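First the structure, in the form of structure tokens, and then the observations on it.
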Amino acid sequence: MSCGKYQSQFNDYLDGDLSLRKREKLQYHLKECLGCYRKWSSLHKTQEILQQLPTLDPPEHLSAVVMARLKNRRLHRPLWFSGNLPRWLPLGVGATLLFLISVGLWQVMPSQYPWQSLFPGSRKNVVTSTRPAEPSQETFKIREGDSDSSAPVMVLRVKDFSRADQELQSMLRSFTRPPLPEKTSSSTPHARSARLIQLQVSGQRLPHLLRELHKIGHLDQSQVERQKLTNPGQQQQISIRIVVVSNGSDVEIRQLREGK
Amino acid sequence: MGTESLAHHSSSVKRQEEQLLVDRCRRGDRESFAQLMRLHEKQIYNFTYRMLGSEGEAEDLTQDIFIAAFRGIRSFRGEAKFSTWLYRIALNQARNRIKYLSRRNFFARQRRRADYGTNTVSETPEGLPDSAPTPEQWTMTKDLATQVQKCLDQIPLRARQILILRDIQGFSYDELSEMLSLKSGTVKSRLHRARAALRECLSEKLE
């Protein structure tokens, strides 16, 4: 056996954990090998010194001081604070709190991450688009009462209703479905499908309305453009009359205008 | 009745008495706690002294350990020995105190004071011969005790605590593994490394 293997038995020998046979072999080796003997000797003496270290007497007042300190304290810690709780508990509580705070912030703050689409119901009140918010459809108002003859006229020749906003679609359809008055409709075979709508729309909302109307079909907006040029940057509400022609031609529209 | 069975009987009686005191403590009886403290204060005080190397700090730490023990005694269920449970508290408190003192350079200042020889008398126990040891003899003297304490202060905390508990205070491997929440094999290997580190340090200082 090599010296290294004998040296690895030193601690077991010190603790008295070595079998009789191994002990005898080690003792024999220590008589033969000076290097191992020196190492063993210093280890053995180190342990002896530790065992011989004097024992100190605690100060006499120690227990009196502790009892005095205890008098000024609460009798016991609550059980949950007893020190027997697992070490990971504070970490777990902290992680849970952090998670809850993150979820709370995620619900409240707008964000742009694509994975948010995985949770469509979770952000009902939040705008997820990066585009500026578009004014609501409620800025379109159908004007009640007498029509304003000074309001600009737009002519919309409808090709496909389905390409517009749902709300705009239904509004336009509701005005084209019922037949026009007998007087107007009798002038031309196609006039039954034409209708005049007077809308009030805010200046901000106007570009959106025009965009949507362009989707539906051909739009003659020259009068509206003129109005916009004379009042650049208008913020107030303006009235627009739209002539909706669902199956008409330029002639019919002209007739409609003249007949008005 | 043989000597062994007598010893066993006496230790079992001692344990029963200790358990009685613990039960009274759990009900808030301070006098029982004072009795328990008197039973263990010497061991704990010596443990803290060897861990910190300063009598003043050892006294403070011992006080804190017993106060922590009193406040947490309701969590002691009697599965382990009371001394094992108490030592677990002592180990935790000692680790925290050592961290605290290290941040404030306490040990560095203590070493400097010891190197200049201003601290050797107050920090070493009384009643030991003053003559310097020869490496061959290595018999216990006041100076050797100081050198051993210096070496204990220098070795890593984990090695120090295991060396104190096993080689100075004489706890068994089973008790050590319970106190340190380690497997017996791990305790052994750590102890072997700790002994080697201390032997090296002492050899440097004394030869």
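Quick note: the coordinates plus some simple rules give every number you see, no bench work behind them. Quantities reported herein were computed from a predicted structural model and do not represent experimental measurements. Cβ placement follows ideal geometry from the backbone for every residue including glycine, while neighbour counts extend to all protein chains displayed.
Odds and ends about this structure:
- Label sites at A:W88 and A:L34, each approximated as a point 7 angstrom past Cα along Cα to Cβ, lie 5.7 nm apart.
- The simple Förster model, with R0 at 41 Å and r as the Cβ-Cβ distance, assigns A:W106 and B:E79 a FRET efficiency of 0.35.
- Above-threshold pairs, the threshold being 19 Å between Cα atoms, out of B:K150/B:K205; A:K5/A:K31; B:K142/B:K188; B:K42/B:K81; A:K45/B:K150; A:K5/A:K39: B:K142/B:K188
- On the beta carbon distance between B:D60 and B:A108, with R0 = 22 Å, the FRET formula returns roughly 0.70.
- Packing-based ranking, highest mean first, of B:50-57, B:151-158, A:88-95 given that Cβ atoms within 10 Å are counted: B:50-57, B:151-158, A:88-95
- Model label points for B:R30 and A:L20, set 7 angstrom from Cα along the Cα-to-Cβ axis, are 5.9 nm apart.
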